[in-house]
Structures are given as structure tokens and as C-alpha cells.
Amino acid sequence: MLLLAALLFMTCPAQAVTLDSLELKARVGYNIGGSTPVPLPETIRSIDSYSLTPSFMVGFDAMLPLAKQWGLMTGLRLENKGMKITAATKAYYMEVVKGDQQMAGLFTGQVEQKVKQWMLTIPLQATLKLGSKVILKGGPYVSFLLKKEFSGIASDGYLRKDGPTGAKILMGDKEGEWATYEFNDDMRSVQFGIGIGADWQVHRHIGLSADLNWGLTGIFPGDFKTVEQTLYPIYGTIGVFYKLK
């Protein structure tokens with residue numbers, strides 16, 4: 001879709017593409033999703049709970065109409081992508097801290113995980129108008145992280161230190177008995193992905209939007225081996241927009 005719009009941009013008449021034809025929108029939305037391996041590995045037996053977190057998006061878009069119903073859109077968005085889950089694991093590799101001891105091994109038990117990412121996101125999307133009210137859009141995005149958090153608790157189980165036959169370290173379900181982990185500084189500072197979505201103009205200036213953004217890079221660099229699977233940020237966004245021009 002993006003390639004087709006780029007070809008249209010190069011072939012459409014020069015006088016038809018001007019700054020005066022820009023369409024501007026301000027938008028707000030709510031992000032729902034998480035950072036997850038795809039597919040879930042066997043070491044994660046179940047997701048026992050998922051909690052919504054304050055994950056808002058505000059921003060603006062500029063769309064340049066090209067040939068007929070096609071166009072290109074970019075913009076700037078300040079957004080927060082977060083999640084809080086509880087999962088049951090079996091022989092899941094972890095590095096944790098219990099008391100004043102740091103240890104690594106295979107953990108079986110409950111994991112409570114919290115992820116929070118504040119970022120500036122720049123999308124570049126092709127747009128396709130369907131009639132006068134609906135616009136389909138799709139293309140890549142880049143996000144620059146401003147603040148990041150990846151932390152959690154390992155409880156109600158045990159850790160086999162250094163491997164499947166290592167010493168068994170018990171972990172309870174109360175503070176002081178469980179172990180913790182935190183990898184904030186190890187997270188990526190830049191993420192790339194692809195997004196698709198639709199805008200629906202319900203009034204002269206006001207509309208509704210729905211988007212799906214799928215990270216193509218994990219939230220950790222490829223050489224970070226403490227978390228054994230690649231965690232992809234996958235979020236849907238529901239929102240409203242106001243057409244400024």
C-alpha cells in the first residue's frame with residue numbers, strides 16, 4: 001500500500017500536490033495490548049491476569065492527497081504503551097534478586113510483570129479514501145523512547161539455580177519471600193514497526209479511529225539474552241480525532 005502511494009506521488013501532476021492541499025488532524029487515543037513473544041513458548045503455561053494501564057496517545061497528523069483517492073500521511077504522537085500481567089511459568093529462564101543475592105536459573109511459579117514505555121512516534125502511512133467518510137491507512141513507524149520500565153516479581157514457586165539440576169531456591173508469595181527483577185536500562189531506545197488502521201468521519205470535524213501497531217523489533221536488543229524470547233510490542237489503539245483543515 002505504501003509503495004503504491006509512493007509510485008502515485010512520483011507520477012501525479014506536480015501542480016496537484018501542494019501544501020495548500022494538506023489535511024491536518026489532532027487526535028487522542030487509548031492503547032490496549034502488550035509486549036509478548038509470538039507465539040507463546042511452552043515455558044509460559046498460562047496468562048492468569050491482564051490489567052489495563054494508563055496508556056494514552058496524543059498527537060497530530062498531516063495528510064497530503066495524491067492521485068485520486070490516494071495520499072501520504074505522517075505526524076507526531078506522544079504515547080504510553082504499558083501492560084501488567086500475571087503468568088504461570090515452568091522452567092522459564094530468569095535473572096532475579098532475592099534479598100541481597102542475585103541469581104539466574106529456571107523458574108517455575110508465578111510471574112507478575114510490568115512494562116511501561118513513554119515514546120515519541122512518527123508514522124509514515126499510505127492512505128486510501130473510501131467515499132467521503134472513511135480512510136484506510138497503513139505503513140511503517142519509528143518510536144523514540146523517552147522513559148522505559150520492565151520489572152516484576154517471581155513468587156509462589158522455585159528457581160533451579162544455573163540449570164535444571166541446580167540448587168532449588170524456594171520463593172514464597174509474600175514480600176521478603178519472593179524475588180524481583182528489573183531491566184529498564186537494557187530496553188531499546190528506538191523501535192520500528194508497522195501499523196494499519198482506519199479513520200471514520202462522523203461529523204464535519206470529528207471522527208473515530210481504530211489502529212493496530214505491530215512492533216517488528218523486540219523491546220530488547222537482539223544481544224540481550226536474559227529474557228529468552230523476543231518480546232514484540234503489539235497494541236491496538238481506539239481514538240477520536242478533530243479535523244483542523
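Counting pairs of Cα atoms in region 126-245, how many percent are more than 17 Å apart? Of the Cα pairs, 71 percent sit more than 17 Å apart.
Per residue of the chain, what 222 nm ellipticity follows from adding -39500 (n - 2.57) for every DSSP H run with n ≥ 4, rounded to the nearest 500?
Numbers: 1 runs with 10 residues, N = 245.
One gets -1000 deg cm²/dmol as the mean residue ellipticity at 222 nm.
Converting phi to 3J(HN,Hα) with the Karplus coefficients 6.51, -1.76 and 1.60 and the offset θ = phi - 60°, region 233-245 yields x, 10, 9, x, 10, 10, x, 10, 9, 10, 7, 7, 7 Hz in sequence order, with x at every glycine or proline. Relative to the longest principal axis of the Cα atoms of the chain, the long axis of helix 2-11 makes an angle of roughly 30 degrees. Near E177: Cβ cut-off under 11 Å, other residues only, Lys/Arg at +1 and Asp/Glu at -1. The net charge is -1. Whenever you get a sec, compute what percent of the accessible area on the chain sits on carbon and sulfur atoms (1.4 Å probe). Of all accessible area on the chain, carbon and sulfur atoms account for 63 percent. Taking the three principal axes of the alpha carbon atoms in region 145-185, the coordinate ranges are 40, 24, 11 Å, sorted in descending order.
Under 5 Å from the amide H of L66 lie the amide H atoms of G71, L72, each residue being 5 or more positions distant or on a separate chain, with H modelled from the backbone and absent for Pro and chain starts. When both region 152-212 and region 34-88 are represented by their alpha-carbon centers, they are found 13 Å apart.
Report the calculated FRET efficiency for Q102 and V38 (r = Cβ-Cβ distance, R0 = 30 Å), to the nearest 0.05. My answer for the efficiency is 0.50. Within the set (1) 74, 62, 33; (2) 73, 32, 28; (3) 45, 35, 33, the number that Cα extents along the principal axes in Å takes when calculated for this structure is listed as (2).
With every protein chain left in place and a probe of 1.4 Å, what is the accessible surface of V38, to the nearest 10 Å²? Roll a 1.4 Å probe over it and V38 shows about 80 Å². Couplings 3J(HN,Hα) of region 107-120, computed from phi: 9, 10, x, 9, 10, 9, 10, 10, 10, 9, 9, 9, 8, 9 Hz, in residue order, whole Hz [Karplus 6.51 cos²θ - 1.76 cosθ + 1.60, θ = phi - 60°; x for Gly and Pro].
Expressed per residue, the C-alpha convex hull volume of region 16-142 stands at 152 Å³. Working note: Karplus 6.51/-1.76/1.60 with θ = phi - 60° gives region 169-181 the couplings 9, 6, 9, x, 10, 10, 4, x, 9, 8, 10, 10, 8 Hz, where Gly and Pro are set to x. Extending 7 Å from the Cα toward the beta-carbon at both V28 and L76 defines two label points whose distance is 2.0 nm. Using 0.36 nm per residue and subtracting the Cα-Cα separation, the extra length available between L212 and F56 on full extension is 54.7 nm. Rolling a 1.4 Å probe over the protein heavy atoms gives the chain an accessible area of 52 Å² per residue.
In region 78-193, the alpha-carbon atoms span a convex hull of 145 Å³ per residue. Treating each Cα of region 14-80 as an identical point scatterer and summing with the Debye formula, the log10 of I(q)/I(0) at q = 0.15, 0.17, 0.18, 0.22 Å⁻¹ comes to -0.70, -0.77, -0.80, -0.95.
Give, in whole angstrom and from largest to smallest, the semi-axes √(5λ) of the equivalent ellipsoid of region 101-152, with λ running over the eigenvalues of the Cα gyration tensor. The partial results should precede the final answer.
Working: eigenvalues 334, 45, 19 Å².
Result for region 101-152: semi-axes of 41, 15, 10 Å.
Bridgeable lysines around K245 (alpha carbons under 26 Å apart, same-chain partners fewer than 8 residues away excluded): K25, K68, K129, K133, K137.
Based on Cα coordinates alone, diagonalise the gyration tensor for region 130-201, multiply each eigenvalue by 5, take square roots, and list the semi-axes in whole Å, largest first. Provide the component values of the computation, followed by the final result.
Values: eigenvalues 402, 48, 34 Å².
After diagonalising the Cα gyration tensor, the semi-axes are 45, 15, 13 Å.
Any idea what % of Cα-Cα pairs in region 177-234 are farther than 19 Å? That tail contains 52 percent of the Cα-Cα pairs.
The values are calculated or read from the model by the stated rules, or taken from the named source; none is laboratory data. Keep in mind that what you see is a predicted model, and the values were worked out from it rather than measured. No Cβ is skipped: glycine too gets one built from the backbone with ideal geometry, and neighbour counts run over all protein chains shown. Just so you know, the surface numbers come from the protein's heavy atoms only, side chains and all, with ligands and any DNA or RNA stripped out. Shrake-Rupley method; radii C 1.70, N 1.55, O 1.52, S 1.80 Å.
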